[in-house]
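Participant: One structure, as structure tokens, below. Some questions next.
Throughout, read-outs are computed from the coordinates displayed, never taken from laboratory work. This structure is a prediction, so every number in the text was calculated from the model and none was measured. Please note: Cβ atoms are built from the backbone with ideal geometry, for glycine as well, and neighbour counts cover all protein chains shown.
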Amino acid sequence: MINLLNKIDIILFSSARKMSKPIINNDLGILVYFATRYKISNESKYKDKCTVLLKKFITVFNDYNFSSGSLDGFESVF
């Protein structure tokens, strides 16, 4: 099970690293996933991944064209 979760972590992190869709049902949701993994396991590797994704989110936030909606819009960020 651990090997499967590690493979999932690699795939999710690589897909969210660019933060091309910073909404809750895409890349922002992956950030929440890693934050939850960190809270459960208290392993610093998940905190590091969250930090990388959060910094990228802050960088792209102003440039992303958010639509309206609770899942894929500006409201999903908050």
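Participant: So Leu54 fits all but one of (1) more than 8 Å from the chain's Cα centre (by Cα); (2) in a helix (DSSP H, G or I); (3) without any contact (Cβ under 8 Å) to a residue 40 or more places away in the chain; (4) over 20 Å from Asn6 (Cα atoms); what number is the exception?
Facilitator: (1)
Participant: In segment 9-40, how many residues are loosely packed, with under 12 Cβ neighbours inside 10 Å and over 23 Å from Asp63 (Cβ atoms)?
Facilitator: 4
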